[in-house]
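Colleague: Here it is: the structure, laid out below.
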Amino acid sequence: MNTDMLDDLSAITLIGFSYTGKTTFGQDIAKYLGWKFVDIDQEIEAGAEKSIHEIFAEQNGESRFRILENQTLKNVYVDTQIVVATGGGAILDPENRETMAEHGAVICLESNTETIVKRLKSAPDDPSQPIRPLLAHPDPHKTINELKSARQKLYSIADWTVHTDNLSQDEILEAILYGAQIASRRIKMGTLLEQQHELKIRKDPDNQNLAYTVITDTATYPIYVGSNLISSLGSKMRAQGVTGQKASLVLDAALIPLYESQARDSLNEAGYETDVFHLASGEESKNLNSVSSIYDWMVNRRVERTDPVVALGGGVVGDTAGYAAATYLRGVPLIQVPTSTLAMADASIGGKTAVDHAQGKNLIGAFYQPSLVLADISTLRTLSSRALREGFAEVIKTALILDADLFEFIEENASALLNLEEEPLVHVFSRCASLKGWIVSQDEKENGVRAVLNYGHTIGHALEAITNYTSILHGEAVSIGMVVAGELSRRHDLLPSKDLDRQNKLLQGFDLPTKLPEFDMNAMLEAMTLDKKSRGGSVRWVLLQHIGEALTDQSVDLEEVQQVIRNLKE
Ligand SMILES: NC(=O)c1ccc[n+]([C@@H]2O[C@H](COP(=O)([O-])OP(=O)(O)OC[C@H]3O[C@@H](n4cnc5c(N)ncnc54)[C@H](O)[C@@H]3O)[C@@H](O)[C@H]2O)c1
Ligand SMILES: [Zn+2]
């Protein structure tokens, strides 16, 4: 199991009833991770130089024990990378519960009463175990049951519960580690959200158009958002240290009369010898044949390692030229010049490049960060109204998961945005680019927080797949997907109804679909579980907690999904 994710975690605390294996498995986990193991009961005994049994036997013994337990627990978390096994009653104290929850992952080990009685009977006669007297009780099952159910609610503070009864030792260890990973992701997300409130857009005072600088393990690059930027494309590339001689401009064929000469002039002026490859418009061009033709063209031009590929167009050009740039000579500089709302808000940022395979979308690709992203919002004037609105689904998504203020701004400026008024457009796309750039900077390869960007995409991808990527555009599918995910969030007592209404109303305001078209439910569910974002057959959802904050890795019953979908059919 890959435990890298746990590096950011300070502690794993095991809670649960007595005889559920907290000490045994705690030791095993600590050994496996190379972490320190602490057993709170043993610490208390060492500190008091008495056995727990002796402490209990003193006057007010139990309350004295609880005080010692409380202090010991607080002290252990001074260390990091520790596995802590707690006593069965530690969760009774609200302060203890808070201390545990504040320090890393809390995992509950659960066993049924039968197992507990069996272990209790076969355990060596240890008088320090306060529940041992239960055995003397005429009906230990009943007493243990009662105690367990009284504590059940308290055990629910755990990030994850492992039912140990029918698992092997290895399976239990694996389940604990899995739970710790999920907790680690949640904690990381929480910290990021805190940072985000102070998110400082890395701005260059001399350059008003710089929206954000993405910094990942593999690259550092600026994202510019503004009007009439194509004229400064070449000079910005030079300023960014793109030294090559030849620029390979890959252009959506529909944009030839609109932007080719402007881009070519700008590149030539900056001293790049420029040639243009025309990629036929549409998703049908996003395949290996096109990539192969681009390679041929580049080989013929004798393009070298430092010579840039410039992708000018929507997501189709960005993904296709991006993949060619990522692989030609093992990678040449890539410049993204997105011209659609979808590409500006999403596709051009973050380094996902890919082409489609007959068996599925985006199956062949690479993570490859660009050297520069230049979003010229003036180009949106020539975009069709449907494509324009489609991209706003991703913009609204970004606001929903990360930024309540941006959401409100879009609500207040919806018609100005649709009328392509410059100021609100620049504000919204700059902010959106900075949010996506910021998430990518934290998690380039989507091992954790980047998953939050998939809000609305579980149903979205499935809808696209069952309609063969023809009748419904990506953003439209995501819009419907957000309506479903929003409703699920509401049912899970996360998203308040009024926030759900605001979400759906804003989507409608951009004329995005909020009802499901006619389709085959089974095909939809199958597509959903086949999507690469599902893991081991179970689909993990991104749900909204409220506008501006999302939770990843939420599990939702397939039954419930079906119900929600049925209610949303047209
Ligand atoms: N890499 C990523 O992270 C990522 C993220 C989201 C989507 N995508 C991909 O992006 C693609 C969709 O992107 P898209 O919606 O931009 O599609 P697209 O590139 O097909 O562009 C949509 C349509 O608008 C036209 N067009 C684009 N810009 C124009 C302009 N300024 N003026 C006039 N016409 C213009 C195009 O010719 C096309 O017909 C999909 O293949 C999707 O998989 C990638
Ligand atoms: Zn998307």
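The values are calculated or read from the model by the stated rules, or taken from the named source; none is laboratory data. Note that the structure is a prediction, hence the values are computed from the model and not measured. Ideal geometry is used to build each Cβ from the backbone, glycine not excepted, and the neighbour counts take in all protein chains shown. Only protein heavy atoms, including side chains, enter the accessible area calculation; ligands, DNA and RNA are left aside. Shrake-Rupley method; radii C 1.70, N 1.55, O 1.52, S 1.80 Å.
Colleague: Quick one: angle between helix 497-509 and the longest Cα principal axis of the chain, in degrees between 0 and 90, rounded to 10, please.
Modeller: 10
Colleague: Next up: What three numbers, in Å, describe the spread of the alpha carbons of the chain along their principal axes, ordered from the longest?
Modeller: 90, 51, 42
Colleague: How high is the relative contact order of the chain, given as a whole-number percent (alpha carbon pairs under 8 Å, six or more residues apart)?
Modeller: RCO, the chain: 10 percent.
Colleague: Here is a follow-up. Taking the Cα centre of the range 242-354 as origin and charging only Cβ (+1 Lys, Arg; -1 Asp, Glu), how large is the dipole, in debye to the nearest 20?
Modeller: It works out to roughly 340 debye.
Colleague: Treating the angle as unsigned and between 0 and 90°, give the value, to the nearest 10°, between the Cα long axis of helix 169-197 and the longest Cα principal axis of the chain.
Modeller: Once rounded, the angle reads 60 degrees.
Colleague: Quick one: go through the range 228-258 and flag any residue whose amide nitrogen is under 13 Å from the point 7 Å out along the Cα-to-Cβ line of His278.
Modeller: Answer for this model: 251-258.
Colleague: Follow-up. Cβ under 13 Å from Ala550's Cβ, Ala550 left aside: what net charge do those residues give with Lys, Arg +1 and Asp, Glu -1?
Modeller: +1
Colleague: Also: Just grab the label-to-label distance for Gln59 and Asp165, each label 7 Å out from Cα along the Cβ direction, in nm (one decimal).
Modeller: Distance between the two pseudo-spin positions: 4.5 nm.
Colleague: Which entries of Lys286/Lys436; Lys50/Lys148; Lys246/Lys397; Lys153/Lys445; Lys153/Lys352; Lys74/Lys153 have Cα-Cα distances beyond 32 Å here?
Modeller: Lys246/Lys397; Lys153/Lys445; Lys153/Lys352
Colleague: For a Förster distance of 25 Å, can you work out the FRET efficiency between the beta-carbons of Ala416 and Arg566, rounded to the nearest 0.05?
Modeller: 0.10
Colleague: Just how large is the dipole of the chain about the Cα centre, in debye to the nearest 20, putting +1 at every Lys and Arg Cβ and -1 at every Asp and Glu Cβ?
Modeller: With Lys and Arg at +1 and Asp and Glu at -1, about 500 debye.
Colleague: Follow-up question, since we're still on this one. When we measure straight from the Cα of Lys142, which aspartates and glutamates land under 15 angstrom away, once same-chain ones fewer than 8 places off are left out?
Modeller: Of all the aspartates and glutamates, those that pass the test against Lys142 - Cα under 15 Å, at least 8 places apart if same chain - are Glu114.
Colleague: If you line up the long axis of helix 385-402 against the longest principal axis of the chain, both from Cα atoms, how many degrees apart are they, to the nearest 10?
Modeller: Computed tilt is about 30 degrees.
Colleague: Next question. Given axes a ≥ b ≥ c from the Cα gyration tensor, I'd like to know whether the range 435-568 is rounded (a/c under 1.5), prolate (a/b larger than b/c) or oblate.
Modeller: Taking the square roots of the gyration eigenvalues as a ≥ b ≥ c, the range 435-568 is rounded.
Colleague: Still on this structure: Modelled label-to-label distance, Glu518 and Arg119, 7 Å Cα→beta-carbon offset: nm?
Modeller: A separation of 5.7 nm, rounded to one decimal place.
Colleague: Quick one: net charge of Gly350's neighbours, Cβ under 11 Å, K/R +1, D/E -1?
Modeller: Counting the neighbours of Gly350, the net charge comes to 0.
Colleague: Which order do Ile182, Ile40 take by accessible area at a 1.4 Å probe, largest first? Present the calculation step by step, with values, prior to reporting the outcome.
Modeller: Numbers: Ile182 20, Ile40 0 Å².
Per-residue accessible area, sorted high to low, gives Ile182, Ile40.
Colleague: What figure, in Å² to the nearest 10, do you get for the accessible area of Lys445 with a 1.4 Å probe and non-protein molecules left out?
Modeller: In the full protein context, Lys445 sits at about 100 Å².
Colleague: Once neighbouring chains are kept in place and the probe is 1.4 Å, which whole percent of the accessible area of the range 457-548 is contributed by carbon and sulfur?
Modeller: Answer for the range 457-548 is 49 percent, counting heavy atoms of protein chains only.
Colleague: Still on this structure, please answer the following. Just want the answer: with Cβ charges of +1 for Lys and Arg and -1 for Asp and Glu, which residue in Ala239, Thr86, Thr274 is farthest toward the dipole's positive end in the chain?
Modeller: Value: Thr274.
Colleague: Return the calculated 222 nm mean residue ellipticity for the chain, to the nearest 500 deg cm²/dmol, obtained by summing -39500 (n - 2.57) across DSSP H runs with n ≥ 4 and dividing by the residue count.
Modeller: Roughly -15000 deg cm²/dmol at 222 nm, from the helical runs in the chain.
Colleague: Next up: Taking a label point 7 Å from the Cα of Thr467 along the Cα→Cβ vector, which residues of the range 375-399 have an amide N closer than 17 Å to it?
Modeller: 385-394
Colleague: If you don't mind, there's one more thing I want to ask. Where does the charge balance sit around Gln508 when Lys and Arg score +1, Asp and Glu -1, over other residues with C-beta under 13 Å from its C-beta? Mind dumping the intermediate values first?
Modeller: Working: positive: Arg389, Arg502, Lys505, Lys515; negative: Glu411, Glu476, Asp501, Asp511.
Net local charge, Gln508 excluded: 0.
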